[in-house]
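Down below is the structure, laid out as structure tokens.
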Amino acid sequence: MIALLQRDLKLAIRAGGGFGLGLAFFLIVVVLVPFGVGSDSGLLAAIAPGILWVGALLACLLSLDRIFALDHEDGSLDLLATAPIPLEGAVAMKAAAHWVTTGLPLTLAAPGLGLLLNLPAPGYGWLAASLALGTPALSMIGSFGAALTVGLKRGGLLLSLLVLPLYVPTLIFGAEAVARGIDGRDTGTPLLMLAAITLAATALLPFAAAAAIRINLR
């Protein structure tokens, strides 16, 4: 499984669908928002937590269809399904590779991009903490959606329709944690909810995704 993780990391970096694509999209979203809502610093500060979380969520969504699609096209997915390692473990490793190449760079870059939206100083740490807790859930949920649509022609739109509703709780609690941190209120509840969503997704969705892949490969 470690070899599979290393392979997916190398492929994501070489193909340009990991670090560069997600970060570029995130930057574009953050840069365009002030043009759309105006340059009022107070308004930007108020909407910054939500905009940054929405941008990170959409950036994660961009590369979801690549998690299993390329392996399905070249036949690697059939080999993984019959390999000695559990297919559930392979799904977990692919989700981990997606997070390392997409979620982790977004988490590290988000505080810097917060400067463009006039994010208040107390919010930077909470933004990084909430993304660190929430983005693994985005990758895991996205892997489940990618498993459901693997093998479908032009399944990217269907994947988005399936995954976006499942992303809503993570988005709500992530933005709420940052907003509470800025106001000096207790952030324990939203952060615990983010951690719970991530743990539940990690525990349950590899089995659901593996079952969906087996059905699609029949």
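The values are calculated or read from the model by the stated rules, or taken from the named source; none is laboratory data. Keep in mind that what you see is a predicted model, and the values were worked out from it rather than measured. Quick reminder, even Gly has a Cβ in these numbers, built from the backbone with ideal geometry, and neighbours come from all protein chains shown. Side chains included, ligands, DNA and RNA excluded: accessible areas come from the protein's heavy atoms. Shrake-Rupley method; radii C 1.70, N 1.55, O 1.52, S 1.80 Å.
What the table below lists for this structure:
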item	result
Accessible surface of region 91-218 [probe 1.4 Å, protein heavy atoms]: carbon and sulfur percent	73
Estimated Rh, region 101-172: Kirkwood, alpha-carbon pairs, angstrom	13.6
Potential lengthening between residue 164 and residue 46 on full extension [0.36 nm per residue; Cα-Cα distance subtracted]	40.1 nm
Contact order relative to length of region 88-218, as percent, for alpha carbon pairs under 8 angstrom and 6 or more apart	35
Dipole axis of region 96-218 (+1 Lys, Arg; -1 Asp, Glu on Cβ), positive-most option in 133, 118, 164	164
Shape box of the chain [Cα atoms, principal axes, largest first, Å]	56, 33, 29
Within-14-Å neighbourhood charge of residue 193 [Cβ basis; K, R +1; D, E -1]	-1
Förster radius 22 Å - calculated FRET efficiency between residue 88 and residue 6, Cβ distance, rounded to 0.05	0.70
Residue-level accessible surface for residue 2, protein heavy atoms, 1.4 Å, Å²	120
Nitroxide proxy distance, nm - points 7 Å out along Cα→Cβ at residue 108 and residue 196	3.2
